[in-house]
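Following: one structure in structure tokens, then a few remarks.
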């Protein structure tokens, strides 16, 4: 695909108008045979899903709607995110007050702040939010905190929100109750929109108070759940119509050390009691160090299961196999000490599927969901490799299958799509009859174009494939300069025709990573970008959306000269039937620099004399979407056929979907 890589822009075009190539003087025509007879290959409902990992500020500061950073003073540096600017900058105000952190290591929520106010005219406590606090004019927010009035005559906590220039945009005063710990909550409504506000707390009176769980949430959350998830970001996921939700990672599951691994039991129950943990990605990349990146687990395993249920998707939790990230310490749990990790997996299945009378099913019911989540899949490990992983995977598999024989277990083939580790993993997993194997590939657009036929030769009787993480890299893997440009999206669209054509082998696929904060990212490229107020879908997002919304139910055979259409002359194609909607759906990618004409010859099938035509394209392979405008997004039109001749002009460097009624 050197012609594509070297191409920076193409000429303007019009749909269904013949394009006269400056080089050849005519448009190249491809005749594709569409066989309507059943291939007996089903498109699994799980074919296109989403993979959530808390990277790029995706959870705290992202989809989890909490707007106060380090609300419970639980970071390793308990005052990170908080400041006392007057105390620090004005010598005459040093005696205005101070803050101490009190710790009780018998509790998961161990810290709270003891605030001593000596001069209520000068003492201030500020919070910076997650790269600022996003507030929208006219929307309602819940401001809350826990407070114990210890001594003195402090009568109120005053909260002021300031914009980027220090101008006050909102003020509220919360009267305090009697002694002892109390919960306080007020509703506020900003009178202006600010992307990077800050919170300033002052106090009426002098004395000592203890404070904890200082919090700010929008009221308009996803599904209206109090202190829940951001509505706009979750809606973008829902619009993908995902067949599964994989969570919570990724390398995040493994941790840099076993002590920092993700432990699902610490992420359920009362929000205030969920134990904070440093995020693996806080110093994962030297180019984007984020020492303030922690996990509050306000988005925990219960919420992940709930989210999958909201989408009508399968939940796919990934658990530690007793190996820390092999790119970091590679710390191993000895095989003789693996049982607690295996028990965590068994307990998770009980939490998801057990009756309300079971130990963990009861905990689920206490959180408001007595009905089981009907978990069907579980992943053991992420990107692990080598004999140590195989031994641990088999130990998990034996225990899980003994108690829950119907649960499908996903194994990993390591971090790369080829090489010694990959080959060894596949050999061993195939020998042990693994059910699904997770493959990851972050590579150049050229690799994605060339690998559209990757699964054509896979063993049809071997393990099924989960393409669990993939994304085309415009520069190179781990480069901070990677872009979500049209070239990367086009190459993924071409590659995905190969995933779809091989639906008897590939049963689950997901792009990664999912989210990125414009000011808080570590990794590029990413599917959805957001800031404190808004978000946009990348061209890659719209490729995923078009596949997820047009998945179909049954695979059809589409060929050129009796061969799969997998990149010959830069043309890619796949076809499915949707028996629910009675539609025939054809996906075509023209990755050439010139327009093409595609003629379809249906066999054993009758199509309607018109079709919906959905086009995703750009005249510039380097073009990207942004917060100001999504310039690359699907455009729909009606394709009228003449005398039964199914002929369509496909613009250069374009992804087209044709949807016919099946007659």
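Identify the single condition in (1) over 18 Å from residue 312 (Cβ atoms); (2) crowded, with 16+ Cβ neighbours inside 10 Å that residue 191 does not satisfy, given that it satisfies every other one.
Single failed check for residue 191: (2).
Just name the residue that is nearest to residue 589 (Cα to Cα) out of those in the stretch 619-642 that are at pLDDT below 95 and not in a loop (DSSP other than H, G, I, E, B).
Among residues in the stretch 619-642 that are at pLDDT below 95 and not in a loop (DSSP other than H, G, I, E, B), the one nearest to residue 589 (Cα to Cα) is 639.
With (1) buried (at least 17 other Cβ atoms within 10 Å of the Cβ); (2) closer than 24 Å to residue 197 by Cα as the list, and residue 109 as the residue in question, which single condition is left unmet?
(2)
Looking for something in contact with a strand residue (DSSP E or B) (Cβ under 8 Å, 6 or more places away or on another chain) and surrounded by 19 or more Cβ atoms within 10 Å (Cβ to Cβ) - is there at least one such residue anywhere in the stretch 362-371?
no
Confirm whether residue 581 is assigned to a strand (DSSP E or B) and either in the same structural domain as residue 38 (by TED's automatic domain parsing) or surrounded by 20 or more Cβ atoms within 10 Å (Cβ to Cβ) (or both).
No: the conditions fail for residue 581.
Quick check, is residue 540 under 29 Å from residue 65 (Cβ atoms), surrounded by fewer than 24 Cβ atoms within 10 Å (Cβ to Cβ) and either in the same structural domain as residue 410 (by TED's automatic domain parsing) or without any contact (Cβ under 8 Å) to a residue 40 or more places away in the chain (or both)?
no
Of 160, 150, which residue is outside any loop (DSSP other than H, G, I, E, B), more than 29 Å from residue 291 (Cα to Cα) and out of contact with any helix residue (DSSP H, G or I) (no Cβ under 8 Å at 6 or more places or on another chain)?
Answer to the selection: 150.
Output the helices (runs of 4 or more DSSP H) that fall wholly within the stretch 345-458 and possess 2 or more residues being farther than 23 Å from residue 304 by Cα and over 24 Å from the mean Cα position of the chain (by Cα), or say none.
387-403, 420-431, 445-450
Inspect the stretch 287-301 for any residue being farther than 30 Å from residue 477 by Cα and either at pLDDT 95 or above or part of a helix (DSSP H, G or I) (or both) and give the result as yes or no.
Yes: the stretch 287-301 contains one or more residues that are farther than 30 Å from residue 477 by Cα and either at pLDDT 95 or above or part of a helix (DSSP H, G or I) (or both).
Looking for whichever is surrounded by 18 or more Cβ atoms within 10 Å (Cβ to Cβ) and either closer than 19 Å to residue 252 by Cα or without any contact (Cβ under 8 Å) to a residue 24 or more places away in the chain (or both) here; the options are 352, 345. Which one fits?
345
Would you mind stating whether residue 257 is touching a residue at least 24 places away in the same chain (Cβ under 8 Å), surrounded by fewer than 24 Cβ atoms within 10 Å (Cβ to Cβ) and over 24 Å from residue 234 (Cα atoms)?
When the stated conditions are applied, residue 257 passes them.
For the stretch 507-537, enumerate the residues that are under 30 Å from residue 560 (Cβ atoms) and either outside the structural domain of residue 439 (by TED's automatic domain parsing) or surrounded by fewer than 24 Cβ atoms within 10 Å (Cβ to Cβ) (or both).
Result: 507, single match.
Select from the stretch 394-414 the residues that are out of contact with any helix residue (DSSP H, G or I) (no Cβ under 7 Å at 6 or more places or on another chain) and either over 19 Å from residue 252 (Cβ atoms) or outside the structural domain of residue 373 (by TED's automatic domain parsing) (or both) and list them in ascending order.
If the condition is that a residue be out of contact with any helix residue (DSSP H, G or I) (no Cβ under 7 Å at 6 or more places or on another chain) and either over 19 Å from residue 252 (Cβ atoms) or outside the structural domain of residue 373 (by TED's automatic domain parsing) (or both), then 394, 397, 398, 401, 402, 405, 406, 408 are the ones that fit.
Please report, ordered by residue number, the strands (runs of 3 or more DSSP E) entirely within the stretch 474-573 with at least 1 residues that are within 26 Å of residue 652 (Cα to Cα).
528-530, 535-537, 554-560
Quick test of your reading of the structure: residue 106 fulfils all but one of (1) free of Cβ contacts under 8 Å to residues at least 24 places away in the same chain; (2) within 26 Å of the chain's Cα centre (by Cα). Name the failing condition by number.
Every listed condition holds for residue 106 apart from (2).
Is it the case that residue 245 is assigned by TED's automatic domain parsing to the domain that holds residue 341, assigned to a strand (DSSP E or B) and crowded, with 20+ Cβ neighbours inside 10 Å?
Criteria met by residue 245.
The values are calculated or read from the model by the stated rules, or taken from the named source; none is laboratory data. Since the model is a prediction, treat every value here as computed from it, not as a measurement. FYI the Cβ positions are ideal-geometry reconstructions off the backbone, even for glycines, and counts take in every protein chain you see.
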